[in-house]
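Bear in mind these aren't lab numbers, they're just calculated from the coordinates by the rules spelled out. On a predicted model such as this, the values are computed, not experimentally measured, just so you know. Backbone-built Cβ (ideal geometry, glycine too); neighbour counts: all protein chains shown.
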Amino acid sequence: MGLLEVAGPIMVGPSSSHTLGALKIARFAYKLMGIPEEVTFVLHGSFALTYKGHGTDRALLAGIVGLKPDDTRVKDAFAIAQSYGLKFNFEVSDLGEVHPNTVLVKAKRGNIYNEVRGSSVGGGAIKINQINGVDCDLTGEFPTLVILNRDLPGALRGILECITYNIANVYLRRVNALEGLALTIIELDSNIDDETLKKLRTNKYVLEIYNVKSEEGENLGIQ
Amino acid sequence: MVFSDLLTIWRNTGLEFSEIILAQEMMETGRDPVAVKRSLKYLMDVMLEEAQKNFGKPFKTLTGLTGNNAAKLCASKPRVLSEFNWVATVTALSMAESNAAMGRIVACPTAGSCGVMPAMLYALRNVKEADNEGLLKAFIVASGVGNVVAKKATLSGAAGGCQAEIGTATAMAAALMTYYFSHNPETVGHASALALKSLMGLVCDPVGGFVEVPCVKRNAIAVNVAIACAEMALAGIESVIPFDEVVEAMYHVGRSLPESLKETGLGGIAATRTAQKLVESIHKTLNSGSET
Ligand code: SF4
């Protein structure tokens, strides 16, 4: 937290936790896979109770179609989502022992399906705490690689060897023992270059890779 | 960094206070002072631009509990309020209502308190013809004051009550006006302390949990508190208790406030019979209403 976080960010109202935070969680899912064809937002706790009065629904739709937190079109997100032909759905459910402002984003495009669960933890800050069933603890401020890989001995080393960037955190779990699949989430200090991404894409252990980039000033709405 | 440390540096060096704050920021976060200054200017410009655009307009807010207040005050000729106070009050209402209508705001320091700072900036620029450079320096100083509160206490209504949100916004706005006219950081400390003391104990009690009632009108009151505190400090009135200690006291008060008075919508005016009836009907309308 510094001067700029105190004096900002620029956002659309009304609430940093219910609007800004919600938008950022959905936007993380957008950065992961682009605009989906179908999305379901499962709202938990305080999100579930007050999402309409706080514009949380519009903020989530705005985020999933890639609008930034300070975009004045956020309030028109329903119309924008429809113009993309996005099928959307809001559900209210108890997601268990999670922060009261939590949403699970289930997004589908073609044969790609992803689930991102995030909590809005105050002041517009978020925690992405689960991706495709794998627990993690991301602030969304740093570039993140989400990799579906073969669960073989040496796989993690094989993947990490491609990355010469400073790695902040690694989360990893076997997601399908039968098919021998694991999910690896790597939080980095800086965006990776195209060359590294290409190396990773062609890595023998890597099946799918999503590159969630961070954009400078994005979290403050500063250009 | 506490405020008195900043004052010590200023006394020892005599440097421009806004530059001291930027240099301190570099020590703490590693951010380039030139870039931070540019970003702060951008934040200030957005506030002024939005204030200009929204001044005195009606808004369709999410719950409909507010939305006509800025327009009403704008249409009414003030009886006793000075032009400066009137412009500031209309701006504060306009920005807080724009926020409730999903307009673009600067959360300075929070979304709920987003009307206070632009109100002071806009009144200074439009009524006092403040110059941009002077305004920017004062805005940096105000941000520094807010940063002291963020570091030593909290800016969140859920953690510290409204005194932490609107209270801090008021201390920042008082700092802004005081620095603009005096260039004296000591006077700024007194103005900010007076402001935060005035709103000490203010609870966070939004009706239904929505950032509209009492938030919108509280922004408008707060900027007037800030103006009065700055005016007093500029006249040489000192706060008996220094700013840092007021911040600490505010933090302790915030901690001892019951949860019902910290953004839960369960206490204060949110718990009144009228509020509960309103919330019931809002939920009915929102749940039956079609989305546009
Ligand atoms: S009452 Fe609560 S929600 Fe409203 S402005 Fe104050 S701190 Fe923010």
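Computed about the Cα centre, the dipole magnitude for chain B is approximately 900 debye when only Lys and Arg (+1) and Asp and Glu (-1) carry charge, each at its Cβ.
Rg and Dmax over the alpha-carbon atoms of the stretch A:1-128 stand at 13.5, 44 Å. Applying a threshold of 19 Å to the alpha-carbon distances of A:K52/B:K60; A:K24/B:K262; B:K41/B:K217; A:K68/B:K57; A:K31/A:K213 flags A:K24/B:K262; B:K41/B:K217; A:K68/B:K57 as lying beyond it. If you run the Gaussian network model on chain A, springs between alpha carbon atoms under 10 Å, then out of A:P14, A:P36, A:P153 the most flexible one is A:P153.
Normalised by residue number, the volume inside the convex hull of the Cα atoms of the stretch A:141-223 is 91 Å³ per residue.
With R₀ fixed at 60 Å, the C-beta to C-beta distance from B:S82 to A:K204 puts the FRET efficiency at about 0.20.
When the Cα positions of B:T168, B:S76, B:G30 are compared along the charge dipole of chain B, B:S76 comes out farthest toward the positive end, with charges on each C-beta of Lys, Arg, Asp and Glu.
Per residue, chain A reaches -6500 deg cm²/dmol at 222 nm when only DSSP H runs of four or more residues are counted, each adding -39500 (n - 2.57). Listed as lacking a disulfide-compatible partner in the protein assembly as shown: A:C136, A:C162, B:C74, B:C108, B:C114, B:C215, B:C229, by the criterion of no other cysteine Cβ under 4.7 Å.
Averaged over the residues of A:45-54, the number of partner chain Cβ atoms lying within 10 Å of the residue Cβ comes to 5. Backbone geometry of the stretch A:49-64 corresponds, through the Karplus equation with coefficients 6.51, -1.76 and 1.60 at θ = phi - 60°, to 3J(HN,Hα) couplings of 6, 10, 5, 6, x, 9, x, 4, 4, 5, 4, 5, 5, 4, x, 6 Hz, x marking Gly and Pro. When the alpha carbon gyration tensor of chain B is reduced to an equivalent ellipsoid, its three semi-axes come out at 31, 21, 17 angstrom, largest first. Counting, for every residue in B:107-116, the Cβ atoms of other protein chains within 10 Å of its Cβ and taking the mean gives 5. Across peptide A:153-161, the average count of Cβ atoms from other chains found within 10 Å of a residue's Cβ is 0.
Among A:47-57, B:9-19, sorting by the average number of other beta carbon atoms lying within 10 angstrom of each residue, highest first, gives A:47-57, B:9-19. Looking at the stretch B:46-117, which trypsin sites (Lys or Arg not before Pro) are in a loop (DSSP not H, G, I, E or B) and have at most 13 other Cβ atoms within 10 Å? Passing sites in the stretch B:46-117 are B:K60, B:R79.
Principal-axis analysis of the Cα atoms of chain B puts helix B:17-29 at an angle of about 80° to the longest axis. Of the residues A:I192, A:A177, A:T144, the one whose Cα sits farthest towards the positive end of the charge dipole of the stretch A:141-223 is A:A177 (charges of +1 on Lys and Arg Cβ, -1 on Asp and Glu Cβ, taken about the Cα centre). The charge dipole of the protein assembly as shown, taken about its Cα centre with unit charges on the Cβ atoms of Lys, Arg (+1), Asp and Glu (-1) only, comes to about 1220 debye.
Under the criterion of Cα pairs below 8 Å and six or more residues apart, the relative contact order for the stretch A:141-223 equals 44 percent.
Under Stokes-Einstein, with the Kirkwood radius over Cα pairs standing in for Rh, what whole-number D in µm²/s applies to the protein assembly as shown at 4 °C and 1.567 mPa s? Calculated translational D: 55 µm²/s. Here the dipole of the stretch A:1-131 is about 240 debye; that uses its Cα centre as origin and unit charges on the Cβ of Lys and Arg (positive) and Asp and Glu (negative). Placing unit charges on the Cβ atoms of the charged side chains and taking the dipole of chain A about its Cα centre, the candidate lying farthest along the positive direction among A:S120, A:S214, A:L32 is A:L32.
Of the residues B:G30, B:G209, B:G157, the one that moves most in a GNM of chain B with alpha-carbon contacts below 10 Å is B:G30. To the nearest 10 degrees, how steeply does helix B:162-182 sit against the main Cα axis of chain B, on a 0 to 90 scale? In chain B, helix B:162-182 runs at an angle near 40 degrees to the longest axis. In order along the stretch A:143-154, the Karplus-derived 3J(HN,Hα) couplings, from 6.51 cos²θ - 1.76 cosθ + 1.60 at θ = phi - 60°, round to x, 9, 9, 10, 10, 8, 9, 5, 8, 10, x, x Hz, and Gly and Pro are given as x.
Taking the alpha carbon gyration tensor of the stretch B:50-147, multiplying each eigenvalue by 5 and rooting it gives semi-axes of 22, 18, 10 Å, largest first.
Our estimate of slack between A:T72 and A:N176, defined as 0.36 nm per intervening residue step minus the Cα-Cα distance, is 33.2 nm.
Can you list residues whose amide H is under 5 Å from B:A111's amide H, if they're 5+ apart or on another chain and H is modeled 1.01 Å from N? Under 5 Å from the amide H of B:A111 lie the amide H atoms of A:S16, each far enough along the sequence or on another chain. Between 0 and 90 degrees, the angle of helix B:3-13 with respect to the longest Cα principal axis of chain B falls at about 30 degrees.
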